[in-house]
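K.L.:
First the structure, which I've put down as structure tokens, then a few questions once you've had a look.
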Amino acid sequence: MAGFGRSNSLSINTGGGGGLFGNNATQSQQASQPQSSGGLFGSAQQPQQTQSGSMFGGQNQTSQPSGGLFGSLNKPATTAPASGGLFGASTAQASQPQQSGGLFGGALGGNTQNQNQAQNTAQSGGLFGGQSKPSLFGSSTQQTTTTPSLFGNNTTTQQNQTTTPSFQGSTYQAQPQQQNTMFGGMNTQNRPGPLGGSTLGGSQMGASAQPVQMTLDSMRGTTRFNDLHPELQTLIQQFDEGIQRKINYCSQIRETLPGSERDISTIAPDVAYIESFLSTVEVGLDNDSANIAHLKQLIKKDAEDATLSFRAIENQRLPAQFHYRNNTNLTASSSKTPATSALDEDDPTKPVDLMGYFNCRTDELGRTLDVYQRQIREIEAHLRTMEAGTLEKAQQLTGSRSAPRDQRRELVEALKAIEGAILDSAKKVGQVKPGDKSGEFKRQTSVFRNWIQNKPNAEFPAEANRYHLYVSYACPWAHRALIVRHLKGLEKIITYNSVHWHMGEQGWRFATPGDEVPGNTTPDPLHEGQGYTHLRHVYFEQNPQYEGRFTVPVLYDKVQKRIVSNESAEIIRMLYSEFDDLVEEKFRGVDLFPGELRKGIEGMNEWVYDDVNNGVYKSGFATTEEAYTKAVTQLFKSLDRLEAEMSKSSTPYLLSSPHITEADIRLFTTLIRFDPVYVQHFKCNIRDIRSGYPHLHKWLRHLYWDYPAFRETTQFEHIKKHYTKSHAQINKFQITPVGPLPNILEKEDEVPSVKAVMKK
């Protein structure tokens, strides 16, 4: 069979049996003779250990050298494993010399080294078969072999070999092997060769023939590697080494590829996670942008509110008659139409310009003064006319010379009556306004709202014996301040005195030396000899043109001679803590406005003030049936609510507090006056406390009898006489009822009706 048979192969050497795809040597050859098995794709020899060949080289337990493209050039062996040729396997055997097979198994031009050594050496097959590893077409592995080159190998070894079938099925006997060129081995022994045993030219070439060095131009397919020019050999070797490096890189890549695949497989989840995270971040950024925009709006509004607050503060610093009346923007200086347009141009976003403000008011005040002076002149002219007429009339009636004196006296009495009528009208301004058809009582707000502070450089610093309280035992609002002053141990730090219980045409008056009234009811202790007979004089000291109400309590600064505040709700909170550094240690722990109850106290204060504290006044001063019914009905609804609250309280105090709080103080000053005064004087007579509200009655007596601060500041004579003898519009004849008796029951006592129920 041409091309695959032993006898039909093309060879230039005798004794060689190598064909194009291997040698089909028979078993007639002697074991001592080297076997010629080199072909185009390498020899098909097999050592004692049989190996299976594959296209990319088999795996062997012994170490294999690394084969380059054209084989190794006798590189020294190392203990490190080397990889196979382009398609050869990578095996390693420690401490054995190694050689690299080339692309065609061994060096391209053959390896002329004799390998008659005691140690076994191994080579890796090239692309077309090596000696240590099988090639594509069936290379056999042996322990001691030489690698055939493209053009043959002159190295001979004697080894015991076994045959391995090649790609075409030929087998070889285990004989000493002779390496051949692509067309037959160059061996020193004479063997039957192809084409009648003669060489290509009919002549026979011996083993001692000298090689001819050939150049690139003269190179043919039959040229042996050793016949090439040294420079070509070197270049081919470099090619082989380069390819070997690429093979090593390929092996390294193949080893790292599984880990890289795992890493690559995690990229998709990571990308999805990052996209999700990015989406979340974008949503968060959008939300933050919206929040920032909202905060900007809030800041803008807060700035506008702050500007308005500053204007309100400036407004409060002005005298009462110059206060802005338009509370929406504080742009109008009074309820009257201003005479000039300057006030209309007032910008509410800017602070109040006091100089500009008063300049605008100067002309208006001048015109008002002219009007008043003209009216005074008219009144004086009218009075002179009345005086002349009166004198004439008196002379006609009496006909005596003493008549003019009596007429003057009558005129004086008439003027006093006119003054009294004017003062009575002024008193009604603070109650039900003229022309108010609703008939409802509307309490005016306090004017002086400064604050005592315990800090350096305060306008009103907390100091001992600097402040004085003007109070009335009759007034429930002033009574609050007296109770707190006592509870906080401020008796020696803040002085006080009470006005007389009677409030006449000029408001509260101070007691005179001849008055016999209980309590610390004295003349004005701060303005002796100055003619301060009424509390109004203290107000006029602040502002001679003061037009507001002359209320108590008044917290007065004795150093600056100024009113600090006349708002009872704020005065008592100043006393809670601002003077703690000046009182004894036991009073510092008295917390009347504890943090955990502040929300509840504020909530209760709101409806208790409107419905109960001020509700009794709305009932008593109402001037229509509808206004009275509305106020008194709401009053008792709130009392019922308070009764329910106390029935559920786990302590003897409001809001289940473990001690007295502001809520107890504010309610006490109204309920202690309820039965003695409000039931009959203000017509709050649906029920009374002592018989209609058992829990509130018990709470009231507990505070009165168990706490000196409540009992010692309560003066029933002041309370009952003030209401019944000062409100002429309610009690024309100023008769003070005798009952109820007693003004407050003992702690364990009850009214007869309640006792009867309890006995049942």
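K.L.:
Could you please rank ASP581, ASP524, placing first whichever residue has the fewest other Cβ atoms within 10 Å of its Cβ?
P.N.:
Listed from fewest to most nearby Cβ atoms, that is ASP581, ASP524.
K.L.:
What's the center-to-center distance, using Cα atoms, between the stretch 635-653 and the stretch 254-271 in Å?
P.N.:
76 Å
K.L.:
For HIS500, enumerate residues with amide H under 5 Å from its amide H, sequence gap 5+ or separate chain, H modeled in the peptide plane.
P.N.:
ARG509, PHE510, ALA511
K.L.:
I've got another one for you. What pairs in LYS599/LYS759; LYS488/LYS558; LYS488/LYS720; LYS488/LYS561; LYS721/LYS759; LYS630/LYS721 have C-alpha atoms more than 31 Å from each other?
P.N.:
Pairs exceeding 31 Å: LYS599/LYS759; LYS721/LYS759.
K.L.:
With a cut-off of at most 14 other beta carbons within 10 Å, and DSSP calling the residue loop, which GluC sites (Glu not before Pro) in the stretch 655-760 qualify? Please list them.
P.N.:
Numbers: sites: GLU662, GLU712, GLU717, GLU746, GLU748, GLU750; in loops: GLU712, GLU746, GLU748, GLU750.
Passing sites in the stretch 655-760 are GLU712, GLU746, GLU748.
K.L.:
Starting with the highest mean, order 293-299, 223-229 by the number of other Cβ atoms within 10 Å, averaged over the residues of each peptide.
P.N.:
223-229, 293-299
K.L.:
For the stretch 458-579, what is the relative contact order in percent, using Cα pairs closer than 8 Å and at least 6 residues apart in sequence?
P.N.:
31 percent
K.L.:
Provide the per-residue ³J(HN,Hα) series for the stretch 716-722, in order, calculated from phi with Karplus coefficients 6.51, -1.76, 1.60 and θ = phi - 60°, each as a whole number of Hz, with x at glycine and proline positions.
P.N.:
The phi angles translate into 5, 5, 4, 5, 6, 6, 4 Hz.
K.L.:
Within 10 Å of each candidate Cβ there may be at most 10 other Cβ atoms; applying that plus a DSSP loop requirement, which GluC sites (Glu not before Pro) in the stretch 536-625 survive?
P.N.:
Working: sites: GLU541, GLU547, GLU567, GLU570, GLU578, GLU584, GLU585, GLU596, GLU602, GLU606, GLU625; in loops: GLU547, GLU567, GLU578, GLU584.
Loop-located and lightly packed - GLU584.
K.L.:
Using Cβ contacts closer than 10 Å as the measure, can you line up LEU285, LEU482 from fewest to most?
P.N.:
Values: LEU285 10, LEU482 27.
The most exposed by this proxy come first: LEU285, LEU482.
K.L.:
What ranking of ILE418, ILE572 emerges when the number of other C-beta atoms within 10 Å of each C-beta is taken as an exposure proxy, fewest first? Numbers along the way, then the final one.
P.N.:
On the way: ILE418 11, ILE572 24.
Least to most surrounded, the residues fall as ILE418, ILE572.
K.L.:
Near the amide H of ARG562, under 5 Å away, which other amide H atoms are found, from residues 5 or more places off or on another chain, if H is placed in the peptide plane?
P.N.:
ASP557
K.L.:
Continuing with this model, one more query. Sort 512-523, 494-505 for me by packing, meaning the mean count of neighbouring Cβ atoms within 10 Å per residue, highest on top.
P.N.:
Final packing ranking: 494-505, 512-523.
K.L.:
Tell me, how many Å apart are the Cα centres for the stretch 535-549 and for the stretch 468-511?
P.N.:
Using only Cα atoms, the two centres lie 18 Å from each other.
K.L.:
Quote to one decimal, in nm, the extra length available between ARG449 and LYS732 on full extension: 0.36 nm per residue of separation minus the C-alpha distance between them.
P.N.:
Values: separation 283, 0.36 × 283 = 101.88 nm, distance 3.54 nm.
The ARG449-LYS732 span can extend by a further 98.3 nm.
K.L.:
Moving on. List the relative contact order of the stretch 635-702 as a percent without decimals, with contacts defined as Cα pairs under 8 Å and 6+ residues apart.
P.N.:
It comes to 31 percent, rounded to a whole number.
Computed from the coordinates by the stated procedures, all read-outs in this text should not be read as laboratory data. Small disclaimer: the values here were computed from a predicted structure and weren't measured. Note: ideal-geometry Cβ built from the backbone for every residue, glycine included; neighbour counts use all protein chains shown.
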